[in-house]
1. GLN109 versus SER66, label points 7 Å from Cα toward the beta carbon: distance in nm?
2. May I have the pair-distance distribution P(r) for segment 27-126, computed from all Cα-Cα distances with 5 Å bins from 0 and rounded to whole percent?
3. Let me spell out the model: positive unit charges on the Cβ of Lys and Arg, negative unit charges on the Cβ of Asp and Glu, origin at the Cα centre of segment 32-125. What dipole size does that give, in debye rounded to 20?
4. Summing +1 for each Lys or Arg and -1 for each Asp or Glu, what net charge is found among the other residues whose Cβ lies under 13 Å from the Cβ of GLN109?
5. Working out 0.36 nm times the residue gap between ARG36 and SER126, then minus their Cα-Cα distance, what length gain in nm do you get to one decimal?
Amino acid sequence: MARFSAIFVALATVLAVSASPVPSGTELTARAGSGRATWFNVGLGACGDTNVDSDSILALSGSIYSASDCGKSVSITNPATGKSASGVVKDMCPGCGANDIDLSPSLFQQLGELDTGVLNVDWSFS
């Protein structure tokens with residue numbers, strides 16, 4: 001009987017720990033990256049919204065995009081110039097690498113010149 005009680009207590013402890021809530025302030029979708037930023041002419045995005053080139057929006061790489069990211073703000077920094085900007089996730093970029101992002105022309109111009117075409121950036125959800 002003592003052996004059964006010990007096993008029961010151990011099993012109950014394991015179940016209680018695995019069912020514990022995530023501590024407040026912990027965001028499961030918090031992601032960040034260093035990658036390439038390109039720009040695109042926007043329109044109807046994967047989030048279901050139609051935007052224009054003057055909107056500060058971005059598309060996340062298809063490898064990390066989730067519909068739950070739609071509408072979330074992302075902070076972006078060009079480490080070469082120190083320029084920073086923020087945009088809102090409104091689309092998915094199927095051709096982007098894992099940490100790459102695709103920016104609307106107006107958002108890209110806050111970080112560099114359109115003629116550059118590609119910038120190395122650091123980004124994170126705000």
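Computed from the coordinates by the stated procedures, all read-outs in this text should not be read as laboratory data. No experiment lies behind these values; they were computed from the predicted model shown. Virtual Cβ from ideal backbone geometry, glycine too; neighbours counted across all protein chains shown.
1. Placing both labels 7 Å beyond Cα along the Cβ direction yields 3.4 nm.
2. Percent of Cα pairs in each bin: 3, 15, 28, 29, 17, 6, 1, 0.
3. Numbers: 4 positive and 10 negative charges, 39 e Å.
Here the size comes out at about 180 debye.
4. -3
5. Gain in length upon complete extension: 30.5 nm.
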